[in-house]
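Asks: My structure is below; once you've seen it, I'll send some questions.
Only the coordinates and a few stated rules stand behind these numbers; no lab work does. Computed from a prediction, not measured in an experiment: that's the story for all the values here. Here Cβ is always computed from backbone atoms with ideal geometry, including for glycine, and neighbour counts include all displayed protein chains.
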Amino acid sequence: MSYEKTKLAIVFADISKSTQLFEAYGNLRARNIVSHTLNLLSEVTKKYEGTVIKEIGDEVMCTFEDLEKAVEAVIRMPQALLEDPLLIEVGIVIKVGLHYGDVLKEENDVYGDAVNVAARMVQLARPEQIITSRDTVDLLPRYQMASMRSLGSVQVRGKQDDIEIYELLWQSDATDLTIMHGQSSLVRRGPKSQLTLRYSGQDISVAKEKVPFMIGRGDKNDLVVQDQSVSRTHATIEYRRGKYVLIDRSTNGTFLQIQDEETVFLHRDQMHLRREGVILLGQDGSESCDHAIHFQCAYQSDDEVINA
């Protein structure tokens with residue numbers, strides 16, 4: 001069997017927390033969501049002259065002969081998800097790993113050091129994060145290097161020395177950003193979210209400038225819920241990449257019921273808030289109970305507001 005030695009940019013893009021999709025939507029719809037996401041990532045890969053090598057469960061592996069095209073593609077991938085109505089609705093996010101180096105090509109597959117390092121990069125990435133290596137960054141033109149920041153050094157299996165890793169900053173603050181070819185400026189794009197909470201007869205607007213928004217039994221919280229099943233600091237709401245995220249930090253957990261979906265139990269976990277629904281702290285129960293927190297989330301484009 002013949003191999004070809006060459007250098008390629010290797011990209012792994014992984015759907016974050018895909019197991020929660022199956023819990024929230026059931027096997028059939030969750031599988032359709034995953035397939036739709038992987039198809040979208042494949043389309044982006046081909047648009048930037050890359051090759052889809054294979055899909056591995058909820059992950060896609062791609063190669064690029066041109067490193068600059070690979071960087072443009074991985075920037076575009078999370079942006080494309082934010083622009084897709086279905087994926088906005090269900091809150092799909094990805095994490096991406098990128099590395100350029102030596103590989104062996106065999107028919108429709110690739111092997112070697114660059115593949116192993118790229119796989120390690122995606123393992124290190126958090127949701128909505130793109131991670132690459134110092135060796136890769138050093139090969140980029142200045143306009144692309146401007147969007148990188150060092151995260152320190154890590155150990156990678158098979159490597160004698162630690163590898164310095166970098167985050168590719170594809171957007172900043174809570175809005176979608178893209179890097180324009182040939183310059184280091186960033187262009188603002190995408191929807192902006194709005195979140196309103198209703199509790200005990202009050203409507204509370206959660207502005208992105210006031211997050212993290214803290215909920216709990218303690219007096220220093222932004223929303224105080226006096227119940228023994230509620231922790232002193234029970235949950236927080238953060239604003240990330242144009243979306244509100246509910247994060248449970250409690251002892252008893254949080255029940256989240258999104259419109260027309262099954263109730264999800266969060267315990268030291270997080271979930272994207274979308275459309276409208278009910279947050280129940282510490283105990284499951286009716287949405288009409290005294291301590292139910294109703295929420296409504298919408299995203300705003302330049303000319304209209306529609307349900308998120």
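Asks: Per-residue HN-Hα couplings for segment 152-159, Karplus 6.51 cos²θ - 1.76 cosθ + 1.60 at θ = phi - 60°, whole Hz, x for Gly and Pro?
Replies: Here the 3J(HN,Hα) series is x, 10, 9, 8, 10, 4, x, 10 Hz.
Asks: Karplus couplings for segment 202-209 from phi (6.51 cos²θ - 1.76 cosθ + 1.60, θ = phi - 60°), rounded to Hz, Gly and Pro as x?
Replies: Using θ = phi - 60°, the values come out as 10, 9, 10, 8, 9, 7, 5, 6 Hz.
Asks: Amide H neighbours of residue 3 under 5 Å, at least 5 residues apart or on other chains, H built in the peptide plane: list them.
Replies: Under 5 Å from the amide H of residue 3 lies no amide H from a residue far enough along the sequence or on another chain.
Asks: To the nearest 10 degrees, how steeply does helix 27-47 sit against the main Cα axis of the chain, on a 0 to 90 scale?
Replies: In the chain, helix 27-47 runs at an angle near 40 degrees to the longest axis.
Asks: Return the tail of the calculated pair distribution for segment 192-307, meaning the percent of Cα-Cα pairs more than 16 Å apart. Numbers along the way, then the final one.
Replies: Details: 3824 of 6670 pairs.
Tail fraction, whole percent: 57.
Asks: Helix 67-82 against the longest principal axis of the chain: what's the angle in degrees, Cα atoms only, rounded to the nearest 10?
Replies: Result, in degrees: 20.
Asks: I would also like to ask the following. How big is segment 125-175 on each of its three principal axes, counting only the C-alpha atoms and giving the largest first in Å?
Replies: That works out to 39, 26, 13 Å along the principal axes.
Asks: Tell me, which longest segment in the chain has none of the GluC sites (Glu not before Pro) that fall in DSSP loops with at most 16 further Cβ atoms within 10 Å?
Replies: Between exposed loop sites, the widest span is 108-260.
Asks: Which whole number of Å³ per residue matches the convex hull of the alpha-carbon atoms in segment 42-128? The partial results should precede the final answer.
Replies: Numbers: hull volume 8.3 nm³, N = 87.
It is 95 Å³ per residue.
Asks: Let me ask something additional. Over the Cα atoms of the chain, Rg to Rh with Kirkwood Rh, two decimal places?
Replies: Working: Rg = 21.2 Å, Rh = 20.8 Å.
Ratio value, two decimals: 1.02.
Asks: Just from the alpha-carbon atoms, what are the Rg and Dmax of segment 1-55 in angstroms?
Replies: Cα radius of gyration and Dmax of segment 1-55 are 15.0, 46 Å respectively.
Asks: Scan around residue 232 for amide H atoms under 5 Å from its own, H built in the peptide plane at 1.01 Å from N, and keep only partners 5 or more places away or cross-chain.
Replies: Residues meeting the amide H criterion: 217.
Asks: At 222 nm, what helix-only mean residue ellipticity would the chain give, in deg cm²/dmol to the nearest 500, using -39500 (n - 2.57) for each DSSP H run of four or more?
Replies: Result for the chain, helices only: -7000 deg cm²/dmol.
Asks: If amide hydrogens are placed 1.01 Å from N in the peptide plane, which non-local residues have theirs closer than 5 Å to the one on residue 146?
Replies: none
Asks: Still on this structure, I have one more. Near residue 52, within a Cβ-to-Cβ distance under 15 Å, what is the net charge of the other residues, with Lys and Arg +1 and Asp and Glu -1?
Replies: Residues near residue 52 contribute -3 overall.
Asks: So what are the ³J(HN,Hα) numbers for segment 111-126, from phi and the Karplus equation (6.51, -1.76, 1.60; θ = phi - 60°), rounded to whole Hz, Gly and Pro as x?
Replies: Once rounded to whole Hz, the list reads 9, x, 4, 4, 5, 5, 5, 4, 5, 5, 5, 5, 5, 7, 6, 8.
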